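One structure is given here, and the rest of the page talks about it.
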Amino acid sequence: MNPLTSYTIKLSAEQAGKLRAWLKDHDYVFREVPYAEFAAGNDKLNAVFYQSGKLVVQGKGTQEFVEFVIEPEILKEARLGYEAVLNPELLLPRLGVDESGKGDFFGPLCVAGVYVNEAVITSWKDSGIRDSKNISSDKKIRELSDLIQGTSGCVTTVVPIGNEAYNRLYSKMKSVNTLLAWGHARVIENLMGQLHRMNPAPVRAISDQFASEKSVVAKALMTLGKKVELVQRHKAEADMAVAAASILARNEFVTRLAKMGKEYGMVFPKGASTMVDEAAKQFLAQNGVENLPKVAKMHFRTALRAQGLPEPPKKEWRSGKG
């Protein structure tokens with residue numbers, strides 16, 4: 001299907017202010033347009049925000065601008081409505097896959113998958129379902145997770161990879177991307193095993209492109225997973241199915257991290273930071289180094305620092321998405 005070349009939406013004054021600032025920051029050329037609050041463009045598109053509150057975007061870069069700027073940066077959600085009429089692909093039956101916990105020293109890696117169809121997507125229109133990274137409240141994540149799993153016609157699966165299993169897999173695979181590819185393939189396989197619950201059948205499976213080579217996930221696909229088209233793209237969370245999967249994965253991660261905290265009587269902070277370094281040292285002091293693989297990802301440098309071991313030199317960073 002041809003990409004969008006024209007897009008119209010109403011923006012609030014606050015959203016318009018954000019968009020104006022974004023356009024300025026990204027060197028768009030501003031010009032005067034009758035009845036417009038502002039107008040700016042580049043060689044790929046023109047954006048005009050009218051005094052009526054209507055934004056009109058036109059040009060060959062429209063689709064990319066909507067997916068990667070308007071929805072995630074300005075609206076903070078993947079919306080449907082006017083654009084669904086212009087781009088019916090937004091309503092196609094599909095699988096979305098995403099993970100949580102990849103960048104967290106403590107806690108599991110959780111991969112989730114969601115099947116959506118037109119009825120499911122339409123019912124979520126005003127639900128606030130969006131990329132979990134844009135939702136700071138664990139309570140909101142839990143509420144949306146319950147909503148997703150309770151939606152009629154929606155099919156879901158979550159694959160949590162606990163720390164001990166994660167460390168075993170990493171020592172065998174020697175690569176986070178290979179491990180992630182296995183997790184994504186496992187989730188797609190689990191969903192395709194429930195094909196009888198999907199009406200109509202999914203036309204594709206969409207996931208974030210985390211590896212520089214798309215073949216990493218394609219090679220990991222199992223028997224049933226090979227029967228569906230695999231689409232990997234950067235910022236895939238802009239897609240409603242992937243956004244829903246990101247919420248389920250995040251909820252599973254947060255729930256398991258809290259349960260782990262109760263088990264060991266301490267708070268395990270998220271991410272990888274000086275606070276995480278301190279918590280790792282505290283855990284070692286209380287539970288011994290032999291128990292660290294039960295709660296942490298041992299290939300992180302944090303594990304070496306916590307034990308007072310020297311860190312290997314950092315590899316020189318090479319440009320390229322991955």
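The values are calculated or read from the model by the stated rules, or taken from the named source; none is laboratory data. What you are looking at is a predicted structure, and each value in this text was computed from that prediction instead of being measured. FYI the Cβ positions are ideal-geometry reconstructions off the backbone, even for glycines, and counts take in every protein chain you see. Accessible surface areas use protein heavy atoms only, side chains included; no ligands, DNA or RNA. Shrake-Rupley method; radii C 1.70, N 1.55, O 1.52, S 1.80 Å.
Annotations
- Kirkwood hydrodynamic radius of the stretch 91-133, from inverse mean 1/r over distinct Cα pairs, in Å: 12.2
- Only Cα sites of the stretch 108-191 enter the Debye sum here, all with the same form factor; the resulting log10 I(q)/I(0) across q = 0.20, 0.22 1/Å is -1.00, -1.09, listed in q order.
- For the stretch 208-322, alpha-carbon Rg and Dmax in angstrom: 18.2, 50
- For the chain, share of DSSP beta bridges that run antiparallel, in % to the nearest 5: 80
- Label-to-label distance for K54 and A218 is 4.3 nm, based on points extended 7 Å past Cα in the beta-carbon direction.
- Using the Cβ-Cβ distance between N287 and L169 with R0 set to 22 Å, the FRET efficiency works out to roughly 0.45.
- Only protein heavy atoms count here; under a 1.4 Å probe, R130 has an accessible surface of about 50 Å².
- Average silhouette area of the stretch 85-240, convex hull of alpha-carbon atoms, in square nanometres: 9.6
- Nearest 10 degrees, 0 to 90: helix 176-192 Cα axis against the chain principal axis: 70
- Of K60/K235; K259/K294; K174/K219; K140/K270; K102/K297; K10/K139, those spanning more than 21 Å from alpha-carbon to alpha-carbon: K10/K139
- Note on the chain: Kirkwood hydrodynamic radius from all Cα pairs is 21.5 Å, rounded to one decimal.
- Here the stretch 153-194 yields Rg over Rh of 1.06, to two decimals, using C-alpha coordinates and the Kirkwood radius.
- Take each peptide in 219-227, 190-198, count the other Cβ atoms within 10 Å of every residue, and average; sorted highest first, the result is 190-198, 219-227.
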